Amino acid sequence: SLRAGIVGLPNVGKSTLFNAVVENGKAQAANFPFCTIEPNVGIVAVPDPQLQVLSYLSKSQRAVPASVEFVDIAGLVKGASQGEGLGNKFLSHIREVDSILQVVRCFEDNDIIHVNGKVDPKSDIDVINLELVFSDLDQIEKRMEKLKKSKAKDPQSKVKEEAERSALERIQRVLMDGKPARSVALSDLEKDAVKHLCLLTMKPVIYVANVAETDLADSGSNSHVQEVTKIASHLQSGVVTISAQVEAELTELPLEDRTEYLKSLGVEESGLGNLIRATYRLLGMRTYFTSGEKVMLMIAFIYKWSGPPDSSGPELVVGLGMTAPQAAGVIHSDFEKGFIRAETVAYDDFVAAGSLSAAREKGLLRSEGKDYIVQEGDVMLFRFNV
Ligand code: GDP
C-alpha cells in the first residue's frame, strides 16, 4: 500500500500522533487491522462509513477495509539539507513516501519547548518547506549537470531528455521563489521524465494542525489554525485539525468511556478517522467494493494524476483508470485471466435499493465488460471462467 510520512519540527506532537494512530488500530483490531512493520511504520485500516453501510445491508459477517501506511519521520530540523542533525538521512526517508503529513504546532504550552521559542505556524511551515526546497534544488542541479553531458542517440530518449530538461528548468525557477515543485503544471510526458528524481516538493501535503484540547470544539477560531489554513491553500495543500494529546488519551481509555470524554470536550468523534481518510484521498486512492459470500471488501485503487493535486487529492484522467478485469485481478489473478463481466452498481443505487438483489430487480445492476473503467464507489461482482 501507499505510504504517508509524518514530518514536522521537534516537539510539535509527531510521535504522540503516530502512537495514537498505532494504539487506536490495536485497540480496535477486530474492525481495524493494524500492524507495525518497523518501529516507525504502521499499516492502518481506513475507517470507511460506506463499507459499514454496505456490509450491514448485505448481512456480511466481516467488513474488510483498505489500508494506508504511516511512517513517523522524526528529526527534521533547520539545516537538514545542509546535513545538520541527521539531515540527509531524514530527507531520504521522505523521498520514499508517497505523501507528506506535516504536523504543525498550534497548541501553547510553556512546559514544552518550541525549537524557535514560540508557537508560530508560518515560520514552522517555512522552515520545513525550505529544507525540502533546498534538497530538491540540490538534486536538480546535479541532474542538470548530468543531462548536459548526456547525448541520447535514439529519438525516443532524445524526446524524453528534452522533456526532462524543460521541466527541470521550470521547476528550478519556481523552487528559487520558495514554492513547491507541485505548483508547476507539467505535461504527462514531463511528469514521467522527472518522476525518477522523487522530488520532495512534488509530493502532496496535508498540514495537520495540532491544537490544544480546549480548542478542539471551536478550532476554526484559533488564530494559529486560521494561519495554517491560509498557507495551505496557497500551497495547494489540505488541512486537518486534530489534538494529538486527546487522541493519545483516548487510546488509554476503555472504549465505553471514550464517547463521554469526547463529549466533555464538545466534539462527537475522534479526529483520527478523519485524518486517515484525508490521507487516503491525498494519496490518490479511491474505493470500489466487492463481496464474497460472507465478507464485504473495500478495495483501494489509484486515480491517475491530472495536474497539481488540490486538497481533495488528484483527479482521474478519463481513459487511464483501472479496468474491470484489472479490478478483478486485485482479488485473484484467475479472476482477471478468466474475466467475463462485472455486475456493477453504484454505491448510491445499492443503498437506495437496499440490497443487491433489489438493485438487480430494479435494473440498477449493470453488466460491464472488459473495457469498463472502474468508478469511485462501484460495488462489483466479478463473473469469470476458471
Ligand atoms: P515530536 O518531537 O514532534 O515527535 O513531539 P512529541 O509527540 O514527542 O511531543 C512533544 C511533547 O509535546 C510531548 O511532551 C507531548 O506530550 C506534548 N504534546 C503533543 N501534542 C500535544 C498537545 O496537543 N497539547 C499539549 N499540551 N502537549 C502536546
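Here, each number is a calculation from the coordinates, and none is a lab measurement. Note that the coordinates shown come from a computational prediction; the quantities given were computed from them, not determined experimentally. Counting neighbours? That spans all protein chains shown, and the Cβs are built from the backbone with ideal geometry, glycine included.
For the range 278-285, putting each phi into the Karplus relation 6.51 cos²θ - 1.76 cosθ + 1.60 with θ = phi - 60° gives couplings of 5, 5, 4, 5, 4, 6, x, 8 Hz, in residue order, rounded to whole numbers and with x for Gly and Pro. Once the Cα-Cα distance is subtracted from the 0.36 nm per residue extended length, the S357 to K160 segment shows a gain of 65.8 nm. Inter-part distance, the range 1-19 to the range 335-386, computed on C-alpha centroids, equals 39 Å. Going down the table (K153/K203; K179/K203; K160/K337; K59/K337), which pairs top 22 Å between alpha carbons? The pairs that break the limit, which is 22 Å between Cα atoms, are K153/K203; K160/K337; K59/K337.
Placing pseudo-labels 7 Å out from each Cα toward the beta carbon at M144 and R277 gives an inter-label distance of 4.4 nm. Check the straight Cα-Cα distances from K362 and name the aspartates and glutamates below 12 Å, setting aside those fewer than 8 residues away within the same chain. Partners found: D349.
Per residue, the average separation of C-alpha pairs within less than 8 Å and at least 6 apart gives the range 3-281 a relative contact order of 22 percent.
Label-to-label distance, K122 versus K230, with points set 7 angstrom from Cα along the beta-carbon direction: 0.6 nm. Taking a threshold of 31 Å on the Cα-Cα distance, which of the pairs K230/K263; K149/K195; K14/K148 fall above it? Violating the 31 Å limit, Cα to Cα: K14/K148. Largest mean-square fluctuation among S135, S55, S187, in a Gaussian network model of the chain whose springs join Cα atoms under 10 Å apart, belongs to S187. Taking a ≥ b ≥ c as the square roots of the eigenvalues of the alpha-carbon gyration tensor, the range 220-287 is classed oblate because a/c is 1.5 or more while a/b is no larger than b/c.
Taking amide H as placed 1.01 Å from N in the peptide plane, F301 has its amide H under 5 Å from the amide H of R286, T287, Y288, each at least 5 places away in sequence or on another chain. When the helix-only estimate is applied to the chain (DSSP H runs of n ≥ 4, each -39,500 (n - 2.57), divided by the residue count), what is the mean residue ellipticity at 222 nm, nearest 500 deg cm²/dmol? Rounded to the nearest 500, it is -12500 deg cm²/dmol. Amide H contacts under 5 Å for F339: N385, restricted to partners 5 or more places along the chain or on a different chain, H placed in the peptide plane at 1.01 Å from N. Residue by residue, the range 111-121 carries 3J(HN,Hα) couplings of 7, 10, 5, 9, 4, 9, x, 8, 6, 8, x Hz when phi is fed to the Karplus relation 6.51 cos²θ - 1.76 cosθ + 1.60 (θ = phi - 60°); x denotes Gly or Pro. For the range 3-281, a Kirkwood radius taken over Cα pairs fed into Stokes-Einstein (20 °C, viscosity 1.002 mPa s) yields D = 105 µm²/s.
Extension gain for the segment A152 to K337, taken as residue separation times 0.36 nm less the Cα-Cα distance, is 62.7 nm to one decimal. Rounded to the nearest 0.05, what FRET efficiency do R170 and I373 give with R0 = 30 Å and r taken as the Cβ-Cβ distance? Could you check? After rounding, the FRET efficiency stands at 0.45. Here the Karplus curve 6.51 cos²θ - 1.76 cosθ + 1.60, taken at θ = phi - 60°, turns the phi angles of the range 255-266 into couplings of 3, 5, 8, 5, 4, 4, 4, 4, 4, 5, 8, x Hz, with x standing for Gly and Pro. With the simple spin-label model, which puts each label point 7 Å out from Cα in the Cβ direction, the N110 to D192 separation comes to 6.0 nm.
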